[in-house]
Structure formats: C-alpha cells, structure tokens
There are 2 protein chains.
Amino acid sequence: MKLFELSGADEDIRFSPFVIRIKMALKHKEIDFHAVPIKFTDKSPIEPSGSKTVPVIEDNGKWVKESWDIACYLEKQYQKAPSLFGGDIGTAQTKFINAWSDAVLVRGLFPIIVSDIIPHFTDEDRAYFIPLREKLLGMTIAETIGIRDKIIPQFNSSLTPLRVMLKSQNFICGDTPGYADYSVFGPFQWARIASPLKLIKEGDPIYDWQERMLGLFDGFARSAKLGY
Amino acid sequence: MKLFELSGADEDIRFSPFVIRIKMALKHKEIDFHAVPIKFTDKSPIEPSGSKTVPVIEDNGKWVKESWDIACYLEKQYQKAPSLFGGDIGTAQTKFINAWSDAVLVRGLFPIIVSDIIPHFTDEDRAYFIPLREKLLGMTIAETIGIRDKIIPQFNSSLTPLRVMLKSQNFICGDTPGYADYSVFGPFQWARIASPLKLIKEGDPIYDWQERMLGLFDGFARSAKLGY
C-alpha cells in the first residue's frame with residue numbers, strides 16, 4: 001500500500017488535511033503503508049491515478065483517489081478489520097460529518113493558517129500556490145494576518161456542535177473512534193503541523209478529544225513532525 | 001402513548017422543533033400516539049415528568065423528557081420496529097448531527113422567524129415569551145425584522161454541509177430516513193409552520209429533501225396546519 005501526500009521543502013513536513021484522514025483510516029484498518037511525498041509542482045508520481053490532488057493510494061496495483069472514495073474503498077476491501085463507518089446509516093451520516101469538516105473546518109481554518117503554511121513550501125510550490133490561493137481568498141496572504149483576530153472567534157463558535165457533543169462522549173463515533181473522527185481530526189492536525197497558533201485551548205472538550213486522537217495507534221499523529 | 005407539545009392560541013398550530021423530531025420518530029417506530037397541546041403559561045399537564053419544556057411523553061405510565069432522551073428511550077423500548085440510529089456508531093454520530101441541528105438550525109432560524117411566531121400565541125403566552133426571548137436575543141422582536149436581510153444569507157451559507165451531502169444521497173441516513181433526518185427536519189418544519197418566509201428555494205437539494213420528508217408516513221408532516 002502506497003499513500004501519496006503533499007510535503008513541504010522539508011519532506012518530513014506533511015500537512016494535507018485530506019491525507020491525514022486517510023493515514024488515520026489506514027492505521028484503523030491495521031494496514032501497513034508507505035507514504036510517498038510529492039510536491040504541488042510535480043504531480044507525475046500520481047499521474048496513473050488520474051488525480052491532480054492528494055490523497056491517492058496505490059493498493060497492489062490498484063489506484064484510488066479522493067479521500068472519501070478511498071475511505072469507502074478501504075471499508076469494502078478490508079472488511080475483516082474494524083469498521084470505519086458502522087453500517088449503512090453510519091456511512092451516510094459520516095458523509096454529512098465529512099461535509100461539515102470540509103465546509104466548516106477546512107474552509108474556516110484556511111484563512112487563519114495560510115500565512116503560516118507558505119514558509120514550508122519550496123520556492124516553486126510557493127510561486128504556484130500563492131496566486132491561486134489569493135484569488136480563492138479574495139485577498140493577499142498578508143491581508144489574512146490582519147483579519148485573524150476577527151475570524152478566529154467566528155471559527156471557534158462554529159465548533160459548537162462538536163464541543164457540545166464531546167461533553168457526553170469520547171469520540172464522534174462513541175466510545176472508540178471511526179472515520180467521522182478522522183475526517184474532523186484531519187483539519188485540526190493540519191493546523192497543528194502547519195501553524196504555531198494554539199486555536200483550541202486546554203479545558204475545551206475539543207482539546208481533550210484532540211489529545212485522545214493524538215494518542216491513538218501508539219501516538220501515531222503525535223509523532224508527526226511539526227513545522228514550528 | 002401520550003406526547004405533550006406546545007400549541008398556539010389555535011390548538012391545531014403546533015410548532016416546537018423539538019416535538020416535531022419526536023413526532024417523526026414515533027411514526028418511524030410505528031407507534032400510535034395521542035398529542036396533547038399545552039401552553040407556555042400552563043405546564044401543569046407535564047408536571048409529573050419534572051420537565052418545564054416539551055417534548056414529554058407518557059408511555060404506559062412512564063414519563064420521559066428531553067427529545068434526545070426520548071429518542072433513545074424509543075430506540076431501546078421498541079427494538080422490533082425500524083432502528084432510528086443504526087447501531088452504536090450511528091447513535092453517536094446522530095448525537096453530533098442533533099447538536100448541529102440545535103446550534104445551527106434552531107439558533108440560526110430563531111431570530112429570523114421569531115416575529116412571525118409571536119402572533120400565534122395566546123395573550124398570556126405572549127406576555128411570558130417576549131421579555132425572556134428579547135433578553136436572549138439582545139434586541140427587541142421588532143429589531144429582528146430589521147436584521148433579517150443580513151442574517152438570512154448567513155443562515156443559508158451555514159447549510160452547506162447538508163446541501164453538499166444531499167447531492168449524493170436522499171436522506172442524511174442514506175436511502176431511507178433516520179433520527180438524524182428527523183432532528184434536522186424539526187427546525188425546518190417549525191419555520192414552515194410558524195412563518196410565511198420561503199427560506200429554502202426550489203432547486204436546492206435541501207428543498208427536495210424537505211419534500212421527501214413531508215411525504216413520509218402518508219404525508220404526515222405535510223398535513224400539519226400552517227400558521228400562514
């Protein structure tokens with residue numbers, strides 16, 4: 001099993017939120033994998049997949065792209081390992097939580113951490129990344145720093161559903177984690193690796209959940225190299 | 001099975017979003033029930049439950065309060081009927097979606113529709129309701145009308161996770177609805193009954209999902225009396 005993922009100029013700095021979801025899912029499924037770093041400006045290693053984005057996996061010659069489709073593939077292909085979704089209703093509901101993670105976490109965190117992400121790139125990746133992302137943001141990267149004070153509280157308040165729910169259960173999936181947890185953890189770990197900002201404070205139920213997530217699989221996510 | 005719920009001065013106008021969740025859950029579990037209207041200012045009928053809010057059920061002499069606890073009670077007590085949650089992971093994930101529905105839908109819709117809700121009450125209920133809610137809102141009911149144009153687009157954009165997910169499946173729970181659907185439907189039906197505003201437009205995947213929800217159980221929710 002090969003997993004292709006984005007890295008910084010330092011190949012040990014690997015921070016795609018979508019890839020982190022799949023790394024956690026592979027650990028959950030107890031699958032050994034080899035993680036292959038690629039760059040924004042050299043996607044030739046993933047050409048056989050037909051994808052221009054990571055994650056991509058190559059499993060025994062079979063290529064699968066898109067994090068959601070990879071999770072579904074792993075669930076189906078590795079049925080004897082612990083379930084990621086917990087049946088049909090669980091799968092459908094995970095898709096909602098995955099969409100929440102994309103819309104609220106990935107999109108909410110991006111303008112907050114983007115200025116901290118950029119220093120990690122190679123010069124070529126930076127030249128590629130900045131104009132595209134500034135267009136998407138509708139502002140310069142420098143301007144994002146100026147709006148942080150305004151948008152961090154908004155981001156924090158958008159976490160209410162997660163915070164409320166984690167007061168009465170350890171994981172989004174209950175007593176033990178599942179793909180919904182990995183889907184939500186991806187963006188938080190992305191921010192943790194790429195930015196020195198401490199967005200979630202001690203005493204917040206989300207902080208305690210993040211600590212539990214970092215401890216899973218013998219501290220797998222905790223051992224990721226941090227950018228700061 | 002008795003279900004206690006809030007009504008307007010017209011006892012056929014019944015719009016608690018939390019009660020609507022349980023009505024749908026009772027239909028899902030194929031349980032016949034008798035719905036008993038109460039008023040904000042006369043909660044004596046639900047005194048035995050120890051609750052000051054609806055929904056409350058009395059099932060064969062047993063009283064249960066709080067919509068989430070009632071749903072869990074129904075799931076456990078009526079195991080032969082179709083499942084509301086789909087197992088342990090499904091239950092845990094539904095709790096997240098229920099918290100999302102509370103934080104984003106109930107709280108998001110309240111300032112938008114509150115001025116339309118008030119005319120439905122009895123004079124006594126209005127006198128009780130208005131000061132408490134104005135304190136909660138931090139503004140007068142009249143002032144909420146002035147901010148509608150600003151907050152309706154914000155509300156609509158907070159629906160992105162639901163909208164994205166409904167592009168690829170019919171219900172939040174997959175091919176058929178479950179409690180997560182009822183939990184999210186409650187606030188939409190509350191707005192539909194209490195306000196003439198058309199917040200969700202035709203062509204939106206959420207509109208189509210709402211139509212499917214209204215058609216369930218022989219058009220049960222569609223037959224609810226509307227306030228406008």
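The values are calculated or read from the model by the stated rules, or taken from the named source; none is laboratory data. Note that the structure is a prediction, hence the values are computed from the model and not measured. Positions of Cβ are backbone-derived with ideal geometry, glycine not excepted, and every protein chain shown enters the neighbour counts. Surface areas here come from the heavy atoms of the whole protein model, side chains and all, with no ligands, DNA or RNA. Shrake-Rupley method; radii C 1.70, N 1.55, O 1.52, S 1.80 Å.
The table below lists the values:
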item	result
Count - residues of region A:159-169 that are surrounded by fewer than 16 Cβ atoms within 10 Å (Cβ to Cβ) and either of a type in the set (F, W, Y) or closer than 17 Å to A:G108 by Cβ (or both)	1
Residue list for region A:140-158, filter: surrounded by 14 or more Cβ atoms within 10 Å (Cβ to Cβ) and not β-branched (V, I, T)	A:R148, A:F155, A:N156, A:S158
Filter result for the condition that a residue is open to solvent by less than 10 Å² (accessible area, probe 1.4 Å) and touching a residue at least 24 places away in the same chain (Cβ under 8 Å), over A:I38, A:I31	A:I38
Count of region A:172-198 residues which are farther than 23 Å from A:S7 by Cβ and not β-branched (V, I, T)	9
When residues of region B:83-134 are limited to those that are at the interface with chain A (Cβ under 8 Å from one of its Cβ atoms) and in a loop (DSSP other than H, G, I, E, B), the one surrounded by the most Cβ atoms within 10 Å (Cβ to Cβ)	B:G86
Condition broken by B:G178, with the remaining ones in (1) touching a Phe, Trp or Tyr at 6+ places or on another chain (Cβ under 8 Å); (2) surrounded by fewer than 16 Cβ atoms within 10 Å (Cβ to Cβ) satisfied	(2)
Breaking point among (1) surrounded by fewer than 17 Cβ atoms within 10 Å (Cβ to Cβ); (2) of a type outside the set (K, R); (3) within 18 Å of the chain's Cα centre (by Cα); (4) in a helix (DSSP H, G or I), for A:E11	(4)
Filter result for B:I147 (more than 14 Å from chain A (Cβ to nearest Cβ), within 20 Å of the chain's Cα centre (by Cα) and of a type in the set (A, V, I, L, M))	no
Considering residues of region A:41-69 that are free of Cβ contacts under 8 Å to residues at least 60 places away in the same chain and β-branched (V, I, T) only, the residue farthest from A:H120 (Cα to Cα)	A:V64
Of all residues in region B:169-204 being touching a helix residue (DSSP H, G or I) at 6+ places or on another chain (Cβ under 7 Å) and within 8 Å of another protein chain (Cβ to nearest Cβ), the one that is farthest from B:A71 (Cα to Cα)	B:Q169
Hits in region B:32-54 - residues which are acidic (D, E) and outside any loop (DSSP other than H, G, I, E, B)	B:D42, B:E47
Selection within region A:140-160 - of a type outside the set (K, R) and without any contact (Cβ under 8 Å) to a residue 24 or more places away in the chain	A:T140, A:E143, A:G146, A:D149, A:P153, A:S157, A:T160
Test: B:S44 is out of contact with any helix residue (DSSP H, G or I) (no Cβ under 7 Å at 6 or more places or on another chain), open to solvent by less than 10 Å² (accessible area, probe 1.4 Å) and away from chain A (no Cβ under 14 Å)	no
Answer residue from region A:181-228, given it is outside any helix (DSSP H, G or I) and touching a Leu at 6+ places or on another chain (Cβ under 6 Å) and is most open to solvent (accessible area, probe 1.4 Å) among those	A:R222
